[in-house]
Structures are given as C-alpha cells and as structure tokens.
Amino acid sequence: MPSGYDAVVIGAGHNGLTCGCYLAKAGLKVLVLEQYSEIGGMGRGLMKFVAHYVPYRVTGDARGKIAGADWDAIKDAYADTLIDYLSEAFPGLRDRIVARSVQSPVDLERRIRSAAHGTHQHGAYLPYQIGAMRPVTELGSYRSPIANVYLCGAGSHPGSGVTMAPGRNAATVICADLGLAFPS
C-alpha cells in the first residue's frame with residue numbers, strides 16, 4: 001500500500017468513489033484510483049448516452065441502415081442511427097456534438113474482463129447470482145480471498161442498477177472489519 005494511506009480504492013467508478021468517501025468520513029486517509037474520466041470543457045456540457053440492451057451479435061437493423069455483424073466495423077453506423085433517432089426528439093442534436101466516443105459491447109468486454117458479452121452488470125441477475133451470492137457465493141460479502149481487499153463495483157450486490165449502493169455496502173463491511181463506526 002502506498003505510504004501514508006489507510007485504504008486504497010482501485011476503480012469501480014462511482015461505487016469506488018462512494019466507498020472512498022464513506023471510509024474518509026470514518027476517519028481513514030483514502031486514495032482513490034480510477035482509470036477513466038470524462039470531463040466537459042469551459043462553457044460546455046457533457047452528455048453521456050448509454051444504450052442498454054444492445055445486442056452482442058448484430059445481424060442488421062430494422063431501418064436497413066446497418067449491415068454486417070462486426071462491431072468494430074459498424075459501431076459508428078449504429079451510433080449514427082441512435083443519434084438520428086434521438087434527433088427526432090431533440091432537433092439540432094447532431095450539430096451540437098463536438099466529439100464522441102462510441103463503445104460497443106465488444107469494446108466493453110475487451111476493456112473490462114468481467115463484462116462478458118458487453119454487459120455493464122458484470123454477471124447475470126439470476127437466482128444463483130443475486131443478494132449474498134453476487135457476484136458469486138464466495139465473494140458475496142464484499143470481502144475477497146486476499147486480506148484487506150474488498151469488492152465494491154457493479155458486480156457486487158445489489159448490482160449496477162442501484163447507483164452507489166455497492167460502494168456504500170462495501171464501506172459498511174470495511175468499517176466493521178476495522179472496528180470503525182460507520183458514518184451516518
């Protein structure tokens with residue numbers, strides 16, 4: 001562990017940041033490391049659009065604008081189709097886009113090993129993988145087999161759909177393990 005810190009939180013996005021905040025509030029000196037960041041510029045806003053339930057295997061689209069099954073070849077066309085669709089509700093949207101980054105399910109799978117088939121949920125929401133069994137029974141308590149290493153990302157209970165809850169839950173366990181009162 002880097003000297004001078006009581007805890008290091010690595011990744012997990014907003015869940016890791018949430019965990020780090022609770023640990024700092026409990027009195028620990030915390031270092032939060034995150035690989036990715038997105039920021040806007042001066043006088044600009046940032047809009048992030050995430051299309052959930054995008055097929056992993058593509059066979060085309062209903063409008064006939066996308067042909068092919070290779071995400072690397074079609075992801076920009078897929079994004080253009082989504083922007084066209086959104087532009088029906090938000091006129092002038094395309095003209096306001098100054099930059100974009102298109103991530104396909106395959107890109108997500110390449111970047112995050114636990115995102116099988118590009119799912120941001122890091123596992124299935126099936127009876128054997130929910131609650132105390134998420135992501136798997138052996139890791140359902142936020143504790144890992146490695147001493148003082150905890151899980152707080154979207155793959156932890158309750159999952160990716162409950163913003164910041166995995167981070168808060170992990171911080172609760174960490175505080176208990178360290179004999180610290182959980183901050184209110």
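Maximal additional length on extending the Val102-Lys25 stretch stands at 24.1 nm, based on 0.36 nm per residue less the C-alpha distance. Candidate cross-link partners of Lys65 among the lysines, defined by an alpha-carbon separation under 26 Å and a same-chain spacing of 8 or more, comprise Lys48, Lys75. Within segment 69-177, the trypsin sites (Lys or Arg not before Pro) that combine a DSSP coil assignment with at most 15 other C-beta atoms in a 10 angstrom radius are Arg100, Arg113. Helical content of the chain, expressed as a calculated mean residue ellipticity at 222 nm, amounts to -9500 deg cm²/dmol (DSSP H runs of 4 or more residues, -39,500 (n - 2.57) each, divided by residue number, nearest 500).
Estimated from the Cβ-Cβ distance and a Förster radius of 22 angstrom, the FRET efficiency linking Thr172 and Ala116 is about 0.20.
No value in this document is a laboratory result; all are computed from the given coordinates. None of these values were measured; they are calculated from a predicted model. Don't worry about glycine lacking a Cβ; one is built from the backbone with ideal geometry, like all the others, and counts go over all protein chains shown.
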